[in-house]
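For reference, the structure discussed in these notes is given below.
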Amino acid sequence: MTILLASPHRMPFLAGTVGLCGLALWWLVQLYALHGGGPVPPQTQLPPALLHGPAMIYAGFAPFIFGFLLTVFPRWMGQGDLPPKQFGPVGIALLAGVLTTLAGLWSGFDWLALAGFCLLAAGWAVAIVVLASVLRRNALAARPRCWHARSALGALCFGIAGIAAATGFLASGDPALLALANRIGIGGLLLPIFLTVAHRMVPFFAGNVIADYVRWRPDWLLAALWGLLLTRLAGEMLPFVALAVAANAGLAAVTGLMCWKWWPRTRPPGLLLVLVWGFTWAPPGFAFAAIDGALGLYGRGADHALMIGFAASLLVAMVTRVTQGHSGRPLEMPAVAWIAFGAIQAAAASRIVAGVNAESGSWLIVAIFAFTLGLLPWAMRNGAIYVSPRRDGKDG
């Protein structure tokens, strides 16, 4: 336990690693039983197809987000690293929540999955308090406002509403709460977080490794992204299809501009290359969403272009960078990270094909098989790093 409290990212990243892979394996088994004739695993009373979305959002992706933000939040504002008494309770709650959720899904016990979500929600609430205190210290010191931190904290506040809705769904089975949990989780949490972090980190990393690179990240761009994201979310929730279509078209245009501005004019190092490549999923992902809203062509493929292609690609890139740098290793893409990144691309493309073909069971299995098989070596290596001392002998 001591080594997991040596740095803010260790326990949340371990929770995310276990959660993402455990959920991917669970979903692979479920889909193979449904579409491939495999043995039927233990079943929860709530259909696994309904649990897949909220589980991946709040127990798969979210712990990585907290590990990243607990690490960078104070650094973005020139403050010292958070002490274990602040980040420790968050990490413990997240890890316990992920393990309990997985136990419930794999065993078929709904009450256990519900308990896991309650633990995740508790850790979420503590994290918001901790991160808000960092912002408050910045304000009391009369330092310039950190819009990236405010943006990320705003997304986490949407997220706690989303996980509350997901917990309510697990307790009641109310489909309205499921829809709320999924739409807020995607449009109010994950998309704002990944767009915010990309807005800050892609120009920063590129400027450090590419000569004469222009670090283009105006504040108005962050405000424009939030305006379009909130419009998109409102259009989905009302529902007002034309509003969501217009917002998705706007997001496709704005993220396309970001790609063009950020694209390195010379070959960058691997860690920057995967960040840029991953971000290039955003314009077509939002375009798919706009077309699907207008014409209904892609099924759930548009959501997965953004969640797998965009968000999961950036997740692999950013988690690899933090894991390498904070373990005393070179800032480079190891072989398992390249395999994971490539598998994400295959999984995203396969999932889009499945959506175009009326949620084809065969293509769904191909997508989750690529996702799971590609991530496992990367996750196993990272998990071993999180429970080991730094290679360079430094603290953290």
- [ ] Pick out, from Ser350, Val130, Ala142, the residue whose Cα sits farthest towards the positive end of the charge dipole of the chain, with +1 on the Cβ of Lys and Arg and -1 on the Cβ of Asp and Glu.
- [x] Ala142
- [ ] Just name one of Trp281, Ser360, Pro41: the one whose Cα is farthest towards the positive end of the charge dipole of the chain (beta-carbon charges, Lys/Arg +1, Asp/Glu -1).
- [x] Trp281
Open item on the list: So, R0 is 51 Å and r is the distance between the beta-carbons of Leu331 and Leu50; what FRET efficiency does that work out to, to 0.05?
Closed with: 0.80
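In debye, nearest 20: dipole of the chain around its Cα centre with unit charges on the Cβ of K, R (+) and D, E (-)?
Magnitude of the dipole: close to 1220 debye.
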Open item on the list: On the Cα set of segment 1-149, report Rg and Dmax in Å, please.
Closed with: 17.7, 63
Task: Percent of C-alpha pairs per 20 Å bin, the chain, short to long - done: 28, 63, 9, 0
Task: Approximate spin-label separation Val241-His35, in nm, with each point projected 7 Å along Cα-to-Cβ - done: 2.5
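When the Kirkwood hydrodynamic radius is evaluated over all pairs of different C-alpha atoms of segment 104-213, what value in angstrom, to one decimal, is obtained?
16.0
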- [ ] Please give the direction-averaged projected area of the C-alpha convex hull for segment 85-158, in square nanometres with one decimal.
- [x] 5.4
Task: Under 14 Å from the Ser362 label point (7 Å along Cα→beta-carbon), backbone N, segment 25-49 - done: 35-37
- [ ] Rank the residues Asp174, Asp303, Asp392 as a footprinting-exposure proxy: fewest other Cβ atoms within 10 Å of their Cβ go first.
- [x] Asp392, Asp174, Asp303
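Each reported figure results from applying straightforward, stated rules to the coordinates on display, with no laboratory input. Bear in mind the structure is a predicted one, so any value in this text is a computation, not a measurement. We place every Cβ from the backbone using ideal geometry, glycine too, and count neighbours over all the protein chains shown.
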